[in-house]
Amino acid sequence: MYDSRINNSLFRLVDQEFSQSERLLFSSGNVTEVCDAVGQVMKSHSLSVKEDRTKLDAKMHFLQLGEISVSRLHYGAGVDIEPGAMKEFFLVQMPLSGRAVIESPHSVVDSTTNLASVLSPDDSVSMQWKPNVDQLMIKIPKPLIERTVVGITGHALHETVRFDLGFEWQRSREWTSLLWYLLTYAAQISPFENQNSLILWQLELLAATCPVGCHSHNHSATADNSKLSIRPRHVRIAQSYIDAHLNEHITDDKLSLRHL
């Protein structure tokens, strides 16, 4: 169920975390520079600008948390992006403003602030980002998602995992709670300090479990319904704590899985 209180607070947290200069990966209006920089943290792709190149005004903030990453990418101009298949990872793209048309072999979505796109590794995609699109993105390694699906379904995969392309992410309390936790944790640490490996492992597990448990994919029908309907204990605890303390400053000590 959609809860505007939670999502408004989440958007403020995104603005707070991704306005920090130490998270800024690049800011450029040069097409080649932008394409190369994004390709280094995502994958190589082609990028063409639909308008005057001086309006590209691209900016990317980047946060690495173990094997997963959270990015915020903005293009001032409308752009066509041809990345092909992701191959090694899943990518969830959530517009914070603007819209983008995402096309895969199985579907086309007009992605807006309410509708994210979930790119699966084996699906070749093409994208049209309209002017002034600002997207929050989570990159999750393919093996991490596959291990999670195997654990839930209880059998080996006979075909690669493929999520539905469109995802109403703001209606998923599991997903918004995950984003809140990731960004709240990141706000407590410096980009240059060593991170707790145990906490990072838990974050990776959360990041894989949430989309598998709350968004449709081609293995949903074969999964144990009781397992899919029961959120992991640490997800339930974190979500309950966030809901009860929306107007408070939540520190890592308060939200850490070791203290809840």
Item to check | Within-15-Å neighbourhood charge of Pro143 [Cβ basis; K, R +1; D, E -1] | outcome: -1
Checklist outcome for this item: Mean projected area (nm²) from the convex hull of Cα positions in the stretch 39-128 is 5.8 nm²
Item to check | Peptides ranked, highest mean first, by Cβ atoms within 10 Å: ranges 120-130, 151-161 | outcome: 120-130, 151-161
Next on the checklist: Between Leu200 and Ser28, what is 0.36 nm times their sequence separation minus the Cα-Cα distance? Round to one decimal in nm.
Outcome noted: 58.8 nm
Checklist entry - Using modelled amide H (1.01 Å from N, peptide plane; none on Pro or chain starts), what sits under 5 Å from the amide H of Leu65, excluding residues fewer than 5 places away? => result Val70
Checklist entry - In whole angstrom, how far apart do the alpha carbon centroids of the stretch 83-140 and the stretch 4-55 sit? => result 14 Å
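Quick note: the coordinates plus some simple rules give every number you see, no bench work behind them. Since the model is a prediction, treat every value here as computed from it, not as a measurement. Reconstructed Cβ throughout: ideal geometry from the backbone, glycine too, with neighbour counts over all protein chains shown.
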